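So the structure is just underneath, and the comments pick up after that.
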Ligand code: PEP
């Protein structure tokens, strides 16, 4: 089973936070299999969180990687470095990185190649703005993001896509579950028909996932899991969401 539930901690955390989070998570998670769970802490805490969850097969990943392997690029971290720390995945092209750090689809494509070259599973984030959604442009926007990002990376051995409508992130709003399901179906069709050499493992949904909406989301056939921001900062809530997933899909 691929990575299905990923906690994106963004710019949050501390050693104390990691320890408390794990205590709450392990107290409340009632599954036996941990291997479909992922945590993307701030990269500086990768080693610490690995020590805190030692003995459990939760995957650890980064929230970003650089588009180069090494060189004069102050402040960056590479796919080979996170591999060296034992990471198995990296979030790539999150809308916050696109917006705040001017990441383009072309740059994201280079990061996908870096991940693939270092056996890191990329979680490619795509999503439309509120305006694009309201003008019924969602499909075109998503297709363009996929085609431009995968254009030069058309032989990835594995890929996870996270559909994250920008307007749903941190807002408490989500598309309805049936709409999400049909968008995921469209994403799978686009990747499989245009990039048959890419091993698309799954399509996750991200944007205001919480305990209340988890059951209806995970009940959708084409929703293979979730990328979770705000609700993942609470170890108990992340565990309870994982319990819902465990019951419906594992
Ligand atoms: C995210 O930013 O990846 C995300 C899904 O955030 P939230 O769950 O807080 O909407």
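The values are calculated or read from the model by the stated rules, or taken from the named source; none is laboratory data. Predicted, not measured: the structure shown is a model, and the values here were computed from it. Here the Cβ positions follow ideal geometry from the backbone for every residue, glycine too, while neighbour counts run over all protein chains shown.
Please indicate, with yes or no, whether at least one residue in the stretch 211-220 is within 15 Å of the chain's Cα centre (by Cα), crowded, with 19+ Cβ neighbours inside 10 Å and touching a residue at least 40 places away in the same chain (Cβ under 8 Å).
No, every residue in the stretch 211-220 fails to be within 15 Å of the chain's Cα centre (by Cα), crowded, with 19+ Cβ neighbours inside 10 Å and touching a residue at least 40 places away in the same chain (Cβ under 8 Å).
State whether one or more residues within the stretch 189-209 are within 15 Å of the ligand (Cβ to nearest atom), over 14 Å from the mean Cα position of the chain (by Cα) and more than 18 Å from residue 139 (Cα to Cα).
no
Test of understanding: among 71, 55, which residue is at pLDDT below 95 and part of a loop (DSSP other than H, G, I, E, B)?
Answer to the check: 55.
Within the stretch 155-177, is even one residue in contact (Cβ under 8 Å) with a residue 60 or more places away in the chain, part of a helix (DSSP H, G or I), surrounded by 16 or more Cβ atoms within 10 Å (Cβ to Cβ) and more than 11 Å from the ligand (Cβ to nearest atom)?
No, the stretch 155-177 contains no residue that is in contact (Cβ under 8 Å) with a residue 60 or more places away in the chain, part of a helix (DSSP H, G or I), surrounded by 16 or more Cβ atoms within 10 Å (Cβ to Cβ) and more than 11 Å from the ligand (Cβ to nearest atom).
Tell me the residue from 21, 9 that is more than 17 Å from the chain's Cα centre (by Cα), crowded, with 19+ Cβ neighbours inside 10 Å and within 16 Å of the ligand (Cβ to nearest atom), please.
21
Is one or more of the residues making up the stretch 128-140 touching a strand residue (DSSP E or B) at 6+ places or on another chain (Cβ under 9 Å) and at pLDDT 95 or above?
no
Tally up the residues in the stretch 90-123 that are out of contact with any helix residue (DSSP H, G or I) (no Cβ under 6 Å at 6 or more places or on another chain), farther than 20 Å from residue 174 by Cβ and either away from the ligand (no atom under 16 Å from the Cβ) or outside any helix (DSSP H, G or I) (or both), please.
13
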